[in-house]
C-alpha cells in the first residue's frame, strides 16, 4: 500500500527513497520476525526501534523533498 502511494506521488523519483523503504521493511521484520523466528532481546529491540525511528524520520524528509521535486517537474500524480 505504501509503495503504491509512493509510486503515485513520485513516479520515477521513487528510486531516491527506495533504499530507505527497504531499510524500514528490514527493521520491521527484525522487530517482528515471521513464523517461529525468535524476537530480539529487549536491549536489541530498543536499539532496533531507535534505528527504525531514525530511518523513518530520514525517509519522511526525503519523501517531502521528492514530492516537492515531483510537483515541480510534473512527475507523479502531484
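The values are calculated or read from the model by the stated rules, or taken from the named source; none is laboratory data. What you are looking at is a predicted structure, and each value in this text was computed from that prediction instead of being measured. Neighbour counts run over all protein chains shown; Cβ positions are idealised from the backbone, glycine included.
Return yes or no: is residue 44 surrounded by 12 or more Cβ atoms within 10 Å (Cβ to Cβ) and touching a residue at least 24 places away in the same chain (Cβ under 8 Å)? Considered against the rule, which asks whether it is surrounded by 12 or more Cβ atoms within 10 Å (Cβ to Cβ) and touching a residue at least 24 places away in the same chain (Cβ under 8 Å), residue 44 comes out as no. The set of residues in region 8-31 that are surrounded by fewer than 14 Cβ atoms within 10 Å (Cβ to Cβ) and touching a residue at least 40 places away in the same chain (Cβ under 8 Å) comprises 8, 12.
Contact annotation: residue pairs with Cβ atoms under 7 Å, 6 or more positions apart or on different chains, pairing a residue in region 57-78 that is surrounded by 14 or more Cβ atoms within 10 Å (Cβ to Cβ) with a partner that is in a helix (DSSP H, G or I) and modelled with pLDDT of 85 or more, are 58/20; 59/20; 59/21; 59/24; 62/20.
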